[in-house]
Structures are given as C-alpha cells and as structure tokens.
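Down below is the structure, laid out as structure tokens.
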Amino acid sequence: WNGSTVFFSPSDPYDSKPWLRKIDTTYDEQSGELSWTHTFDDTSSSAYFSYFPPYSYNRHLSLISKCQATPGASVQSLGQTLDGRELECVKVGSGDKIAWIIHRQHPGENMAEFYAEGLLDRLLGLGPGHGYAIDGMTRDALKMYTFYIVPNMNPDGAMRGHLRTNAKGQNLNREWCSSGSKEDGTFYEAPTLERSPEVYHVLKKMDETGVDVFLDVHGDEALPFNFIAGGEGCPNWSKRLETLHGAFLGRYTRVNSDMQIPVGYNTESPGEGLMNVCSNQIVSRFNCLGGTLEMPFKDCMSNPDPERGWNPARSKMLGASVLEALTYVGPHLRVDEDELLESNPFSDGDSYVEPTEDYKCDSSSHCSQNLMSSEKIKK
C-alpha cells in the first residue's frame with residue numbers, strides 16, 4: 001500500500017519493544033513490490049522484517065493465563081476451533097450493562113490483540129508492578145459493565161499465518177448471518193460449526209447474555225488513521241444510535257488523540273449495510289451501540305511518528321483508554337430515544353460527524369478531509 005513502511009527488529013522478533021520502521025520503504029504500484037534497504041553492522045548478524053510486529057500464540061496463552069489468575073476475572077472457553085484450539089473469553093465486572101469486545105477476526109491484524117492486551121491490563125491491573133491495582137475510572141467501568149472480551153477470534157488463522165481467514169479459508173467477518181436466496185440457489189448458511197465455529201460459538205453466547213455495547217477490533221491497510229465504522233447501514237439506525245455514536249467517539253478523542261472522527265469508511269444508507277458483517281449484525285440484532293474499530297498498519301497521521309509508526313505500544317494505549325468512552329455513554333445506552341434527545345446529556349462537541357475516506361496529508365503530515373481519495377479495504 002502507498003505510504004506503508006516496513007517494521008524491522010535486530011533482536012527477538014517476539015519482543016514487541018525493539019521494532020522500528022524502515023522509513024525508506026517504497027511501494028511500486030505496477031509490480032506490487034514493497035522495497036527497503038537494510039545495512040548490517042558488526043554487532044548484528046540477523047534482522048527481522050514484518051508488516052506489523054507479531055503477536056505470538058505463546059503470548060496469547062500467557063495473557064489468558066494471567067487473566068485466569070486474576071481475582072474477580074474468569075476465563076471461559078466458548079468452544080473449539082476447527083484445529084481444536086480453545087476460543088477463550090475473559091469475563092470481568094459486575095455491572096448490569098453488557099459490553100462485548102472482540103479482536104483479531106482477521107488473524108494478520110496483530111494490532112488488534114495488542115489492543116486487547118492493553119484493555120485487559122487496565123481492567124485487571126496486570127501491568128508490571130501493578131499487583132492487580134486499578135484506577136478509579138476502571139473501578140467505575142467494572143461497576144457499570146460486565147465485560148466479555150475475546151482477545152483472539154481466529155487462533156487457527158494466526159497459527160497458520162493467514163491474513164484474513166480461518167482454517168477453512170473463511171473470512172469470519174462475513175459469517176455472522178446467512179445470506180443469499182434459496183429460490184435462486186445463492187443461499188449461504190452462516191455461521192456453521194463446519195466452516196465458522198468461532199463465530200457460531202461467540203454469537204450463541206451473545207444471544208445468552210445480550211449486548212448493550214459492542215466493538216470489533218481490526219487493523220486497516222490503507223487509511224493511516226484510527227477510526228470507528230458505525231452501524232449507519234443497519235435498518236435500525238436511528239437518532240438514538242447516532243447520538244450515542246457521536247458521544248462515544250467524542251469522548252474517546254478527548255481522552256486519546258490517536259483516535260479521530262472525520263476520516264473513516266464512507267457510510268452506507270440505512271438498510272443497505274451487509275448484515276453478515278459482524279458489527280452490522282450485532283447493532284441490528286441487539287439494537288445497540290456498536291462498530292468496527294480500525295487501527296492503521298501505516299503511521300498514524302493524526303499523531304505521526306515516522307520511526308515507529310502505529311505500533312504495539314500505542315495499540316495497547318488505545319485499548320486501555322476506551323474505558324473513559326464506555327463509562328461516558330454507559331448510563332444512556334438504553335434510554336428511550338425521545339428522552340435521550342430531550343435530556344441532551346452530552347457536550348456540544350459530541351455531535352455525530354459523518355466520516356469520509358477522502359483526506360490529504362501535506363509534507364508536515366498535517367491531514368485534512370475531503371481533498372483526495374484514499375485506497376481502502378472494506379472489512
């Protein structure tokens with residue numbers, strides 16, 4: 001992708017700290033080649049290169065083990081994958097609002113599980129030297145919500161080295177309901193235990209618990225921004241959901257300026273969204289605030305850092321800082337639309353803004369919208 005810079009590490013590839021960007025990376029659209037240079041010095045005989053630093057299965061299991069050992073948290077296997085791996089879900093909190101946050105449906109989008117790690121570190125007090133101590137905002141979140149967090153939706157794909165599919169070659173983000181028609185022979189049943197057990201098990205558990213707020217965490221190859229794609233294309237999109245979406249994003253950007261609002265996927269008209277896409281299905285099925293959170297593979301142009309770009313550490317920080325946004329909208333998630341609009345509980349800066357894929361970055365990396373068209377991948 002234009003604007004991509006390759007990561008490199010001179011040491012252990014599974015240590016996320018030493019990874020830096022090769023800022024001389026170039027992309028040739030004609031050949032599809034990504035090129036960069038690297039010079040070995042006398043102290044190093046090897047180097048590792050990556051599209052994004054890896055999140056290994058051993059690190060995943062270590063995270064799950066730490067969650068299991070944390071007082072007040074529980075880990076449940078929702079079922080098994082096609083390759084026989086457990087699909088773990090971390091449950092924490094005692095509130096009456098139900099928050100589901102899932103990560104890494106597309107296994108090559110490693111930043112998504114770093115996001116999960118940052119969120120769980122804060123919720124459970126897992127940071128170095130924390131000894132399970134948590135801050136006041138986290139306490140408020142745990143009283144308000146019961147969290148169901150799936151750190152890795154696609155462990156088979158991760159172990160097989162897939163970018164977007166599971167062991168059966170299925171894009172899990174197209175498996176959240178059946179599609180097509182039996183009359184014309186295009187009917188496609190989903191999810192199924194034979195093709196997409198990961199989605200089958202998670203959706204079954206969601207139907208048991210209900211959902212009041214939902215995030216599906218991904219990485220995007222084209223847009224150099226963090227953003228949230230909402231449920232505008234769902235048939236139940238309303239002023240209530242629009243207001244909640246605006247307030248959630250408004251608060252998120254005030255807490256962490258790595259999140260921004262104007263740039264994102266172009267929206268669809270209500271009723272025209274694909275219902276087999278995860279966030280659309282959940283927003284429609286539970287009439288709840290929800291969306292697809294995207295982080296960049298490239299540098300983050302709202303706060304550029306050419307040497308590091310968007311990286312694991314910042315992914316973790318973004319995951320940790322979502323709690324302020326969740327507690328901000330939490331009391332209003334199930335308020336009747338007329339009451340919500342009449343009471344107007346949010347600040348003036350929380351109005352909904354329709355995003356656009358059009359943006360421009362000048363030589364100083366200052367970016368503005370509506371000036372040029374970007375490439376993109378639809379999740």
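Restricting attention to the range 78-110 and to residues that are of a type in the set (G, A, S) and more than 21 Å from the chain's Cα centre (by Cα), the residue that is most open to solvent (accessible area, probe 1.4 Å) turns out to be S94. Of all residues in the range 269-285, those that are in a loop (DSSP other than H, G, I, E, B) and over 28 Å from S4 (Cβ atoms) total 7.
Yes or no, residue by residue, for (1) modelled with pLDDT of 95 or more; (2) out of contact with any helix residue (DSSP H, G or I) (no Cβ under 7 Å at 6 or more places or on another chain):
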residue: Y115; (1), (2): yes, no
residue: D121; (1), (2): yes, no
residue: G125; (1), (2): yes, yes
residue: P128; (1), (2): no, yes
residue: G131; (1), (2): no, yes
residue: M144; (1), (2): yes, no
residue: R160; (1), (2): yes, yes
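Per the listing K182, K168, the residue uniquely open to solvent by 40 Å² or more (accessible area, probe 1.4 Å) and either out of contact with any Asp or Glu (no Cβ under 8 Å at 6 or more places or on another chain) or not in a loop (DSSP other than H, G, I, E, B) (or both) is K182. Can we say P304 is of a type outside the set (A, V, I, L, M, F, W, C) and over 25 Å from F7 (Cα atoms)? Here the answer is no, as P304 does not meet what is asked.
Please report, ordered by residue number, the helices (runs of 4 or more DSSP H) entirely within the range 286-379 with at least 2 residues that are buried (at least 17 other Cβ atoms within 10 Å of the Cβ) and modelled with pLDDT of 95 or more. Working first, answer last.
Working: elements: 312-320, 322-329, 337-343.
It comes to 312-320, 322-329.
Within the range 326-347, can one find any residue that is touching a strand residue (DSSP E or B) at 6+ places or on another chain (Cβ under 9 Å), of a type in the set (F, W, Y) and closer than 22 Å to G95 by Cβ? No: the range 326-347 contains no residue that is touching a strand residue (DSSP E or B) at 6+ places or on another chain (Cβ under 9 Å), of a type in the set (F, W, Y) and closer than 22 Å to G95 by Cβ.
Per the listing L244, L203, the residue uniquely outside any strand (DSSP E or B), under 27 Å from D96 (Cα atoms), touching a strand residue (DSSP E or B) at 6+ places or on another chain (Cβ under 8 Å) and not acidic (D, E) is L244. Filtering the range 211-241 to residues that are open to solvent by 10 Å² or more (accessible area, probe 1.4 Å) and part of a helix (DSSP H, G or I) leaves K239, R240. Being open to solvent by 10 Å² or more (accessible area, probe 1.4 Å), acidic (D, E) and part of a loop (DSSP other than H, G, I, E, B) is a property that does not hold for E208.
If you go through the range 9-36 and keep only what is open to solvent by 40 Å² or more (accessible area, probe 1.4 Å) and either under 13 Å from F297 (Cβ atoms) or outside any loop (DSSP other than H, G, I, E, B) (or both), you end up with L20, T26, Y27, D28, E33, L34, S35. Scanning the range 285-336 for residues that are among the small types (G, A, S) and touching a Lys or Arg at 6+ places or on another chain (Cβ under 7 Å) turns up G309, A320, A325, G330. Counting only residues that are open to solvent by 10 Å² or more (accessible area, probe 1.4 Å) and farther than 16 Å from T70 by Cβ, the range 111-151 holds 5 of them. C177 fulfils the conditions (1) of a type in the set (A, V, I, L, M, F, W, C); (2) open to solvent by 20 Å² or more (accessible area, probe 1.4 Å); (3) part of a helix (DSSP H, G or I); (4) farther than 22 Å from P53 by Cα except for a single criterion, (3). Scanning the range 61-71 for residues that are in contact (Cβ under 8 Å) with a residue 12 or more places away in the chain and either within 22 Å of the chain's Cα centre (by Cα) or open to solvent by less than 70 Å² (accessible area, probe 1.4 Å) (or both) yields L63, I64, K66, C67, T70. Taking N152 as meeting all but one of (1) under 19 Å from E221 (Cβ atoms); (2) assigned to a loop (DSSP other than H, G, I, E, B); (3) within 15 Å of the chain's Cα centre (by Cα), write down the number of the exception. It is condition (1) that N152 fails. Checking each residue in the range 119-133 for being under 20 Å from I101 (Cβ atoms) and part of a loop (DSSP other than H, G, I, E, B) picks out G125, L126, G127.
The residues of the range 262-274 that are surrounded by fewer than 20 Cβ atoms within 10 Å (Cβ to Cβ) and on the phi < 0 side of the Ramachandran plot, listed by number, are P262, N266, T267, E268, S269, P270, E272, L274.
The values are calculated or read from the model by the stated rules, or taken from the named source; none is laboratory data. Remember, it's a predicted structure, so these values are computed and weren't measured experimentally. Note that each Cβ is placed from the backbone with ideal geometry, even for glycine, and that neighbours are counted across all protein chains shown. Areas reflect the complete protein model, heavy atoms only, side chains present, ligands, DNA and RNA absent. Shrake-Rupley method; radii C 1.70, N 1.55, O 1.52, S 1.80 Å.
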